[in-house]
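What follows is a set of notes on a single structure, which appears directly below.
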Amino acid sequence: MEKDDREKEGKLTLVLALATLIAAFGSSFQYGYNVAAVNSPSELMQQFYNDTYQERNQESLDSFSLTLLWSVTVSMFPFGGFIGSLMVGPLVNKLGRKGALLFNNIFSIVPAILMGCSKTARSYELIIASRLMVGICAGLSSNVVPMYLGELAPKNLRGALGVVPQLFITVGILVAQLFGFRNVLANEEGWPILLGLTGVPAALQVLSLPFFPESPRYLLIQKKDVSATEKALQRLRGWKDVTLEIEEIRREDEAEKAAGIISVWKLFKMQSLRWQLISIIVLMAGQQLSGVNAIYYYADKIYLSAGVKSNDVQYVTAGTGAVNVFMTIVTVFVVELWGRRLLLLLGFATCLTACIVLTVALALQDTISWMPYVSIVCVIVYVIGHALGPSPIPALLITEIFLQSSRPAAFMIGGSVHWLSNFTVGLIFPFIQVGLGAYSFIIFAVICLLTTIYIFLVIPETKGRSFIEINQIFAKKNKVSDVYPEKEELKDLPPPVSPC
């Protein structure tokens, strides 16, 4: 019987696989796509801004105003992401996880149409407003997709499926880079199509996701619908008897009844969730402040200094994007083998090493002829390190270290930290680069080092553990007697497994 249970436990059914692909392609893919879509046609779009302004006012935009308009266009995306993160809690509690994803497509299809028509309408304001809306879409999807998939997956597949959203983000970036080649869509006629294509995955999700189950945890704990929970689990697992899993969800529910739905404010005040909260803030800030956006920003200059022709830089950049996709695929397969903690430590340590060597290489590249090639290797090594742990694991951990009642608030806080950090790097890095030049990566090295130390000292391994077991590990760190100390129901639970 035990053997049979183990075989059942590991099953990736067709329904679960398709639900994962549709949720990730329809939502996470767009996040990645919109991150990179404006990079290739940026000069053409700025020319369009200038031409449109000239048509209206019979004078050209001065360089400061044009730079400001473009900065607003780019930074509207992370700002929208921050707004989207604030909407996560209310939407997932009211509409469910699947319902929130379907609703979120409004923030993709509408801006896709507006951006596609912007050139014909001679309006750059449409592009700026659309960037805000696709940002909201990304802010919601970057939080809701990991939550939805984490709650659909059996615990032995939770890590692998939890990395899939990040995989589709990297695929989105790569597809935008490929479509952004000058001989494809990054040209005078093609750039509005390049921007408008983001609506295609959203339309496919609207048509297909309604046929897949809602999160069983949401159906049982929040909707109290036992029959719907049973049907959803039977479809997801591929067998009739789902009593054990329903019982596990019920125990989680019992553990949480005293807490109710936890607001962001309440989450900050709860001693029993203190280290979980500190951990997601550190991991989300570390993920964005470790320099990943700066590496991509700097990459073109590094390639040019190594002798890559300016027309060929786009191909090398796409190659870096392909490495990112490949390493994220590797992470999908090793996350259940190596565990979350090891991948985070390995990833941040790799990024730390790459930042230090890159600083030395950039400082010496004018004096030693082969140093620019070392810089290129550093960029690739950094991308590999970030794809192994810092990019995919933090969102997966939010799902794992919080229980149902606190999960939406935790994603709101984690998402807000993610997008505010992203926005800050985008805003401040150009000035840091002017002030510090090659030494700007020392700042990112320090952040990588501090995050690595924190992970080593605080983050437990969550691989193969139930949500209750993970929270019992943190109960010890929080110096409370149990997950929710005021509840007696947890006293009969098995003792927590000591962390690795």
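Quick look at the values:
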read-out: Leading residue at positive end of dipole, the chain (Cβ point charges), from 111, 14, 95; value: 95
read-out: The range 190-273, Rg to Rh (Cα coordinates; Rh as Kirkwood inverse mean 1/r); value: 1.18
read-out: Mean ellipticity per residue at 222 nm, deg cm²/dmol - from DSSP H runs of n ≥ 4 across the chain, formula -39500 (n - 2.57); value: -24500 deg cm²/dmol
read-out: Distant alpha-carbon pairs in the range 282-365 (separation over 15 angstrom), percent; value: 69
read-out: Translational diffusion coefficient (Stokes-Einstein; Kirkwood radius from C-alpha pairs) of the range 20-107 at 10 °C, 1.306 mPa s, in µm²/s; value: 102
read-out: Highest-first arrangement of 30-36, 188-194, 403-409, where packing means the average Cβ count within 10 Å; value: 30-36, 403-409, 188-194
read-out: Cα-derived Rg to Rh of the range 263-500, Kirkwood definition; value: 1.05
read-out: Percentage relative contact order, the chain, counting C-alpha pairs under 8 Å, at least six apart; value: 22
read-out: Test item: Cα-centred dipole of the range 55-143, Lys/Arg +1 and Asp/Glu -1 on Cβ, debye; value: 500
read-out: Point-to-point label distance, residue 74-residue 17, nm (Cα→Cβ direction, 7 Å offset); value: 4.1
read-out: Sites residue 305 and residue 231 - FRET efficiency at Förster radius 60 Å, r taken between beta-carbons, to 0.05; value: 0.50
read-out: Using θ = phi - 60° and Karplus 6.51 cos²θ - 1.76 cosθ + 1.60, couplings along the range 281-292 (whole Hz; Gly, Pro as x); value: 5, 5, 5, 5, 5, x, 4, 8, 8, 7, x, 4
read-out: Rough spin-label spacing in nm, given labels placed 7 Å along Cα→Cβ, for residue 446 and residue 368; value: 2.5
read-out: Cross-link pairs 269/477; 119/309; 224/269 - those with Cα-Cα distance over 20 Å; value: 119/309; 224/269
read-out: The chain: angle of helix 467-477 to the longest principal axis, Cα-based, in degrees nearest 10; value: 80
read-out: Charge dipole of the chain about the Cα centre (unit charges at C-beta), most positive-ward option of 80, 453, 46; value: 453
read-out: C-alpha center-to-center spacing [the range 277-318, the range 16-42] in angstrom; value: 19
read-out: Computed magnitude of the charge dipole of the range 8-244 (debye, nearest 20; Cβ of K, R +1, Cβ of D, E -1); value: 1340
read-out: Helix 124-152 axis, angle to the chain major axis (alpha carbon atoms, nearest 10°); value: 30
read-out: Inter-label distance, nm, simple model (7 Å from Cα along the C-beta direction), residue 246/residue 432; value: 5.2
read-out: 25 °C / 0.890 mPa s Stokes-Einstein diffusion coefficient of the range 8-244, Kirkwood radius on C-alpha pairs, µm²/s; value: 130
read-out: Ranked by how many other beta carbons lie within 10 Å on average, peptides 91-100, 343-352 from highest; value: 343-352, 91-100
read-out: Using alpha-carbon coordinates, inclination of helix 106-121 to the longest axis of the chain, degrees; value: 10
read-out: Alpha-carbon spread of the range 229-309, three principal axes, descending order, Å; value: 63, 40, 16
read-out: Only Lys, Arg (+1) and Asp, Glu (-1) charged, at Cβ; the chain dipole about Cα centre in debye; value: 680
read-out: Added length on full extension, which subtracts the Cα-Cα distance from 0.36 nm per residue, residue 187 to residue 43; value: 50.9 nm
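Each reported figure results from applying straightforward, stated rules to the coordinates on display, with no laboratory input. Small disclaimer: the values here were computed from a predicted structure and weren't measured. Positions of Cβ are generated from backbone atoms using ideal geometry, with glycine treated the same way; all protein chains shown enter the neighbour counts.
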